[in-house]
Amino acid sequence: MGRAATATINLDAFRHNYRLAKSVAPEQKAIAIVKADAYGHGAVKLAFALENEADAFGVACIEEAIELREAGIKQPILLLEGFFTEDELPVISDNNFWCAVHSLEQIDIIARSQLNQPVNFWLKMDSGMHRLGVSPQDYRLAYDKLRSLPQVNEIVLMSHFADADAFGSAITAQQISCFEEISRDIDAPVSIANSAATMEHTSTRREFQRPGLMLYGSSPFEAAQPMAEQLQPVMTLTSEVIAVRELGPGDGVGYGHRFVCDGPTKVGTVAIGYADGYPRHAKDGTPVLVNGQRTRIIGRVSMDMLTVDLTHIDDARVGAKVELWGDNLLAAEVAPYCDTVPYTLFTGITRRVHKKYIG
């Protein structure tokens, strides 16, 4: 009943991908990154799928962390962007959240805070990403200041890579070298591996890995990579054909007639559009599957619908199943046709799309 646009979320695949991330360093811990509503998959549902396995969860901000706590998630939750205002610190303390620190000014705020129990802080170094983090020249000072505070329990050293998804990247090598040079005399656990580093850069697999995209079954790499072949897609986005029409040479399809038929063309209208999160700027030729057969988008994506070429799919009629990405058509293949990456495909799915959880 109702509109067919559905994101089917495979919890078994999510567990498989987490276990794969753990397998590369089984003696270490892995933080399951579930920020941005678990990359659009549903943070509470996915966190509960790993409630007996995950070492901890990672989110962007305190609102996301509170949502998980209030739902009943007991594991530690890391705030990857840290705190934004001083009044967050008592909440962080009371809820056993772990918290990133990325500036000397934040350490001064921590020093004057009143907390019921000390907090585990993750001290972030800007090793070359140049987004957040204490500069390398101030990092030891920041560590010593943080270590001296009664508000502080364990400190984890962390950084983030700018180019780990590029094989043989000189930028990544420079960042690893910078981080290791500055932190080598600090006796503390380390976390520097995102999905790409967890999968490819063995020297970065330290006490805490931080797998994100790979948990959702998508590779951060454009080229083939051995671990990427073992990932299982978690989200399969589907809908149905709701109308079929026969057009002739010269007929245009959709807004602006961006696509013009060069011969007899059977066109299917599919109940999904950019208000559901499917990218409006998907190009003509973007792959889709209709009844399991590969075809293409033709014409501009509308708010509620898009159009596909059914000319060579004999059994395609109203009600035919359409897969936009998922088990049989990887999001990583679709994304370049939309001038984007799988991250934005997943996180762009709106609440109008029904979510169905399996596994």
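The values are calculated or read from the model by the stated rules, or taken from the named source; none is laboratory data. Small disclaimer: the values here were computed from a predicted structure and weren't measured. Cβ sites come from the backbone with ideal geometry, for glycine too, and all protein chains shown count toward neighbours.
Screening Ile9 with (1) over 30 Å from Val270 (Cβ atoms); (2) of a type outside the set (S, T, N, Q); (3) in contact with a strand residue (DSSP E or B) (Cβ under 6 Å, 6 or more places away or on another chain) gives one miss only, at (1).
Could you tell me whether segment 111-119 includes any residue that is in contact (Cβ under 8 Å) with a residue 40 or more places away in the chain and surrounded by 18 or more Cβ atoms within 10 Å (Cβ to Cβ)? No, segment 111-119 contains no residue that is in contact (Cβ under 8 Å) with a residue 40 or more places away in the chain and surrounded by 18 or more Cβ atoms within 10 Å (Cβ to Cβ).
For segment 275-299, how many residues are assigned to a loop (DSSP other than H, G, I, E, B), in contact (Cβ under 8 Å) with a residue 40 or more places away in the chain and within 26 Å of the chain's Cα centre (by Cα)? Residues in segment 275-299 being assigned to a loop (DSSP other than H, G, I, E, B), in contact (Cβ under 8 Å) with a residue 40 or more places away in the chain and within 26 Å of the chain's Cα centre (by Cα): 10 in total.
From the list Ile272, Ile242, exactly one residue is closer than 26 Å to Ala331 by Cβ and in a loop (DSSP other than H, G, I, E, B). Which is it?
Ile272
Confirm whether Ile182 is more than 23 Å from Ala30 (Cα to Cα), assigned to a helix (DSSP H, G or I), among the β-branched types (Val, Ile, Thr) and touching a residue at least 12 places away in the same chain (Cβ under 8 Å). Here the answer is yes, as Ile182 does meet what is asked. Scanning segment 266-317 for residues that are farther than 25 Å from Arg351 by Cβ and in contact with a helix residue (DSSP H, G or I) (Cβ under 6 Å, 6 or more places away or on another chain) yields a count of 1.
When segment 300-313 is limited to residues that are assigned to a loop (DSSP other than H, G, I, E, B) and touching a Lys or Arg at 6+ places or on another chain (Cβ under 6 Å), the one that is surrounded by the fewest Cβ atoms within 10 Å (Cβ to Cβ) turns out to be Thr311.
Of the numbered criteria (1) outside the structural domain of Val353 (by TED's automatic domain parsing); (2) over 28 Å from Lys45 (Cβ atoms), the one Ala228 fails is (2). When the criteria are applied in full, Gln175 meets the requirement of being farther than 22 Å from Glu27 by Cα and in the same structural domain as Tyr139 (by TED's automatic domain parsing).
Scanning segment 163-175 for residues that are in a helix (DSSP H, G or I) and either without any contact (Cβ under 8 Å) to a residue 40 or more places away in the chain or farther than 17 Å from His130 by Cα (or both) returns Ala170, Thr172, Ala173.
In segment 23-32, how many residues are surrounded by fewer than 24 Cβ atoms within 10 Å (Cβ to Cβ) and either in contact (Cβ under 8 Å) with a residue 24 or more places away in the chain or not in a helix (DSSP H, G or I) (or both)? It would help to see each step written out before you state the result.
Initially, segment 23-32 is screened for residues surrounded by fewer than 24 Cβ atoms within 10 Å (Cβ to Cβ), giving 23-29.
Pick out the ones that are also either in contact (Cβ under 8 Å) with a residue 24 or more places away in the chain or not in a helix (DSSP H, G or I) (or both) and you get 24-29.
Result for segment 23-32: 6.
Is it fair to say Asp138 is in a loop (DSSP other than H, G, I, E, B) and either over 25 Å from Lys35 (Cα atoms) or in the same structural domain as Gly82 (by TED's automatic domain parsing) (or both)? No: the conditions fail for Asp138. In segment 193-214, the residue that is surrounded by the most Cβ atoms within 10 Å (Cβ to Cβ) out of those that are of a type in the set (A, V, I, L, M) and without any contact (Cβ under 8 Å) to a residue 60 or more places away in the chain is Ala193.
For Lys29, the test of being of a type in the set (Lys, Arg) and closer than 22 Å to Val156 by Cβ is passed.
Conditions (1) under 17 Å from the mean Cα position of the chain (by Cα); (2) closer than 22 Å to Leu215 by Cβ, marked per residue:
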| residue | (1), (2) |
| --- | --- |
| Asn52 | no, yes |
| Ala65 | yes, yes |
| Ala71 | no, yes |
| Thr85 | no, no |
| Trp98 | no, yes |
| Val101 | no, no |
| Gln106 | no, no |
| Leu123 | no, no |
| Ser127 | no, no |
